[in-house]
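A.B. asks: I am attaching a structure below and will ask some questions about it afterwards.
The values are calculated or read from the model by the stated rules, or taken from the named source; none is laboratory data. These figures come from a predicted structure and were not determined experimentally. For neighbour counting, all protein chains shown are included, and Cβ atoms are generated from backbone atoms with ideal geometry for every residue, glycine included.
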Amino acid sequence: MKPALLVLAAAFASLPAGAVANKSGKPTVEVMLNKLSAEKYHIGTLTPAVVVTRGRALMIEDEKNFYQIAWGGVHPAPGLHGLTAFDYLPNGEFAGIRGKELLQLQKDGSLKSIMSLPSEGMGIAQGKGKTYLFEREGGEKNALFVFLPNNKGLKLFESPAPINAVLEDGDGILFAVGTGIYRFGADKTTKLVFGLPKGSRDITALAQDPVTKRVYASDGSSVFSFKDKDVIVITRDNGGVLRWFGDGLIILDPKAPLLIRIRGLPS
């Protein structure tokens, strides 16, 4: 499968936060955070994670605080930090991972451990009515679990290599291992649905447009998408954590730092 189109040919780290870049016939890029605005709000090294809150804001984390980012500005949440991954549980409550613990945010703003995990540094991904936990640090066996309402995890399968990203796809689950994207179906069989050429960097993030069902993936430095056999390169200049938000794709590059939203992508 060869990419058919390069959607965005320029990097956007130099644009000011709040800027909207739109070239004729091209998608719209909204810069929500960059190096200058991060310095303005004293934001440090970012955790490679971003979620959409129930209030329709974006939430990111550095070593000191969490921050909600919306068009009204950047709003820190002092005292809430130290997670290596975070997302929402089936009950709608915010949760994150620290060490070998799954922690849930309490009404008083504290984090309470609700489950012990089999390994450190696990990932977390929200699905419809469920949450997935997956081993991504590397071991002899790397498992994907589904989080159950009784604060227990049900193991779905094991991988011989780390699971870098997980995305619910209808009645199946897409997951990234190495340079491949696989699908675990309702019949409990696994098949390769997309693979990068030999020598490529590992795929580390997945997202999906819920309307078109187009899947987006990143290797940390670029973003591409596919639907059936149609492959599109979105950008070769920006990559990182992916999240679909409303009608656009969120890309968080935690090292830059850079947070952008791209709207009007090809279907």
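A.B. asks: Taking only the stretch 32-60 into account, find how many residues are within 22 Å of Gly220 (Cα to Cα) and either surrounded by 16 or more Cβ atoms within 10 Å (Cβ to Cβ) or of a type in the set (D, E, K, R) (or both).
C.D. replies: 17
A.B. asks: Check whether at least one residue in the stretch 181-200 is under 14 Å from the mean Cα position of the chain (by Cα) and modelled with pLDDT of 95 or more, and report yes or no.
C.D. replies: no
A.B. asks: Tally the residues that are surrounded by 19 or more Cβ atoms within 10 Å (Cβ to Cβ) and over 16 Å from Glu158 (Cβ atoms), restricting the search to the stretch 177-210.
C.D. replies: So the count comes out to 8.
A.B. asks: Which of the residues that make up the stretch 102-125 are within 20 Å of Val50 (Cα to Cα) and not in a loop (DSSP other than H, G, I, E, B)?
C.D. replies: Leu102, Leu103, Gln104, Leu105, Leu111, Gly123, Ile124, Ala125
A.B. asks: Ok, one more. Return the residue satisfying two criteria in turn: it lies in the stretch 61-119 and is more than 20 Å from the chain's Cα centre (by Cα), at pLDDT below 85 and among the hydrophobic types (A, V, I, L, M, F, W, C), and of such residues it is surrounded by the most Cβ atoms within 10 Å (Cβ to Cβ).
C.D. replies: Filtering first and then ranking leaves Ala77.
A.B. asks: Every residue in the stretch 126-160 that is in a loop (DSSP other than H, G, I, E, B) and of a type outside the set (Lys, Arg), please.
C.D. replies: Gly127, Gly129, Glu135, Glu137, Gly138, Gly139, Glu140, Pro149, Asn150, Asn151, Pro160
A.B. asks: Let me ask another. Having 3 or more residues that are touching a residue at least 24 places away in the same chain (Cβ under 8 Å) and within 18 Å of Val51 (Cβ to Cβ) is the bar; report the strands (runs of 3 or more DSSP E) wholly within the stretch 200-262 that clear it.
C.D. replies: Passing ranges, in order: 205-208, 241-245, 248-253.
A.B. asks: Then there is this: Report the residue count in the stretch 164-176 for those that are within 14 Å of Glu135 (Cα to Cα) and either among the polar types (S, T, N, Q) or more than 15 Å from the chain's Cα centre (by Cα) (or both).
C.D. replies: Residues that pass the stated criteria total 1.
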